[in-house]
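Visitor: What follows is a structure written as structure tokens; I'll ask about it next.
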Amino acid sequence: MYTIISATNRKGSNTLKVSKEYQTFFKEQGIDANLLSLEEFISMTRDEAFNKLEAHYLIPTEKFVFIMPEYNGSFPGIFKLMMDISEIQQCWYHKKVMLVGVANGRAGNLRGIDIMTNMCHYMKMNVFHNKLPLSSISSELVNDVFSHENTINAVKGQIQGFINY
């Protein structure tokens, strides 16, 4: 099972738009990837709703795609909190993950990708080598879809590599 996590709770975010594009491109490859948006979470606690999220998305997933916006040179705290309160061994250990950074700046959340790489290694995850920083994301998205052929090719190449990983 594949799960794409849109790692922000900001409503109407470019991160969710990018996540939906990834889901579409996975579908083109014959893979129905789940999309887990953190939009509905203001905060997270180990309650019944979180237990369902964990049981339906995190534990059964074998391959994750983390789409992470840049927040202060890193990634959103809500995403870190989700990881911190989860059953780490069941949800993350020995699972594969592909990292994507999203930013309006020119670095595409490279720092956040590096920080998350270290976290994933600590949680015994297998990080796919092709980590894609998507820069100037507002100009990349036209009507909520990627508009530049180079970006589309880079994303599709990353996805194909991850499927084979």
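Visitor: How about region 1-105: which trypsin sites (Lys or Arg not before Pro) there are in a DSSP loop, with at most 11 other Cβ atoms within 10 Å of their Cβ?
Guide: Here the trypsin sites (Lys or Arg not before Pro) that fit, given the DSSP loop and packing criteria, are Lys11, Arg46.
Visitor: Under a plain spin-label model, where a point goes 7 Å from the Cα along Cα-to-Cβ, how far apart in nm are Gln90 and Ser147?
Guide: 4.5
Visitor: Something else now. Can you give the calculated 222 nm mean residue ellipticity of the chain, where each DSSP H run of n ≥ 4 adds -39,500 (n - 2.57) and the sum is split over every residue, rounded to the nearest 500 deg cm²/dmol?
Guide: Result for the chain, helices only: -11500 deg cm²/dmol.
Visitor: Cα axis of helix 110-122 to longest principal axis of the chain: angle in degrees, 0 to 90, nearest 10?
Guide: Once rounded, one gets 30 degrees.
Visitor: Given the pairs Lys20/Lys80; Lys20/Lys63; Lys131/Lys156, which are separated by over 19 angstrom at their Cα positions?
Guide: Pairs exceeding the cut-off: Lys20/Lys80.
Visitor: Suppose we flag GluC sites (Glu not before Pro) only when DSSP calls them loop and at most 11 other Cβ atoms lie within 10 Å. Which is the longest uninterrupted stretch of the chain?
Guide: The answer is 63-165.
Visitor: Still on this structure, I have one more. Going by amide H atoms built from the backbone, whose H comes under 5 Å of the H on Ile4, apart from near neighbours?
Guide: Asn34, Leu35, Leu36, Val65
Visitor: Around Glu87, under 12 Å between beta carbons, what's the net of Lys plus Arg minus Asp minus Glu among the other residues?
Guide: Neighbour charge sum, excluding Glu87 itself: -1.
Rule-based calculations on the coordinates, nothing more; no lab input. Predicted model only: the values in this text are computed from it and were never measured. Positions of Cβ are backbone-derived with ideal geometry, glycine not excepted, and every protein chain shown enters the neighbour counts.
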